[in-house]
Each structure stands twice: as C-alpha cells, then as structure tokens.
Amino acid sequence: MEKELEKIFLEGLEQNKNKLFRICSAYSIDSESTKDLFQEAIINIWQSIHSFKSQSNISTWMFRITLNVCLRIQYSQKKRRILFKNMDSILIENLHFTSEKEESNKKLVHLRHCISQLKEPDKSIITLCLEELSYKQISEVTGLTENHIAVKVKRIRSKLFICINQK
C-alpha cells in the first residue's frame, strides 16, 4: 500500500510540478519565497497522500492542497508583519527593456503585479485558469460551481484588462 501511494505521489508530482510551481509563484514576492512555498506544498501533499481517495484527478487534488498552502502561508505572513508598500510597480516603471524577450518579461511582470492586486478568491481562480485548468477542475479545487467560475473569470479578465492598460 505504501509503495502504491509513493508511486501515485511521484507520478502526480512529475506530471504537475511546473503548474504547482507557477501557482506558488503567484503567491510569492520573489524566487526564493516561491521555492519555499513550493517545498511546503510538496511536503503537505506527501503528508496527505494517504487521504487521496482517487475520487478526483490527482492533479486537481494537488492543486487544491497547493492553493490552500499558499493561502494559509500568505495569511500567516500578513498577520506577523506590518504591511508595507509593494515596490513592484515602481520597479516596473524604472526598468528599461530593449529586446523582445525582455519586453515579454516586462509584460509578464506587469501581469503578475495586476494579479497580485486582485482579491484572494479572484487571484486563485485566475491563477488556476492561467494554468489551463478547465472550469470543471477549477470548480473542484475551489468548491464553486462551474457557472460561477465562468462569470468570475469574465469579471476578472475585465479587471486585469483595465489594470494592464493603465500601464
């Protein structure tokens, strides 16, 4: 039984590690905190593998745990520190990019900044949407109905469009 659970864990991790990492990056301020979140998520997934009942897809189950870890850690960090102004927007304005790759990176940084300004439920939904999860999968992770997800995604996209174009 233990070997079977280990196999499920390793296969699920191999198939989803990049998406799990990107979910963590949406809730972190730098690459080091992304790695820390990712590691914490993997530990939590491993510790919970015995509760996986194969009633849902392993990826959906892993996304749910990762998202919950990110939200829990973000909440605890907010409680522990005095809020400070996020300097990302100032840094974005002062950077001078010239190459196409650097311009693309600038747009990605700005998109991440806009996503970080969203309220938590919206941030979770759009992060999962950007990972190309179906509305059904997002529904399973968040507990919202598929129709509610569809409406929320449309509204979130409008908010992001406004934020991106204020650049």
Inset, instruction - Give the residues of region 142-156 that are of a type outside the set (A, V, I, L, M, F, W, C) and within 20 Å of Leu67 (Cα to Cα), sorted by residue number. - result: Thr142, Gly143, Thr145, Glu146, His148, Lys152
Inset, instruction - Out of the residues in region 23-45 that are loosely packed, with under 15 Cβ neighbours inside 10 Å and not acidic (Asp, Glu), state the one that is farthest from the chain's Cα centre (by Cα). - result: Ile43
Legend entry - Residues located in region 113-129, provided they are assigned to a helix (DSSP H, G or I) and under 19 Å from Val69 (Cα atoms): Ile115, Ser116, Glu120, Pro121, Asp122, Lys123, Ser124, Ile125, Ile126, Thr127, Leu128, Cys129
Inset, instruction - Consider Asn57 carefully, then state whether it is open to solvent by 70 Å² or more (accessible area, probe 1.4 Å), polar (S, T, N, Q) and closer than 21 Å to Ile126 by Cβ. - result: yes
Inset, instruction - Output the qualifying pairs, or none if there are none: Cβ atoms under 6 angstrom, residues six or more apart or on different chains, first residue in region 112-132 and within 19 Å of Asn18 (Cβ to Cβ), second residue small (Gly, Ala, Ser). - result: Thr127/Ala26
Legend entry - Count - residues of region 46-60 that are free of Cβ contacts under 8 Å to residues at least 24 places away in the same chain and part of a helix (DSSP H, G or I): 3
Inset, instruction - Of all residues in region 1-45, count the ones that are assigned to a helix (DSSP H, G or I) and closer than 20 Å to Gln77 by Cβ. - result: 21
Legend entry - Members of region 97-149 that are of a type in the set (Lys, Arg), touching a helix residue (DSSP H, G or I) at 6+ places or on another chain (Cβ under 9 Å) and at pLDDT below 90: Lys106, Lys107, Arg112
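The values are calculated or read from the model by the stated rules, or taken from the named source; none is laboratory data. The structure presented is a predicted model; accordingly, all values stated were derived computationally and were not measured. For neighbour counting, all protein chains shown are included, and Cβ atoms are generated from backbone atoms with ideal geometry for every residue, glycine included. Quick note on the areas: whole protein, heavy atoms, side chains included, nothing else; ligands and nucleic acids left out. Shrake-Rupley method; radii C 1.70, N 1.55, O 1.52, S 1.80 Å.
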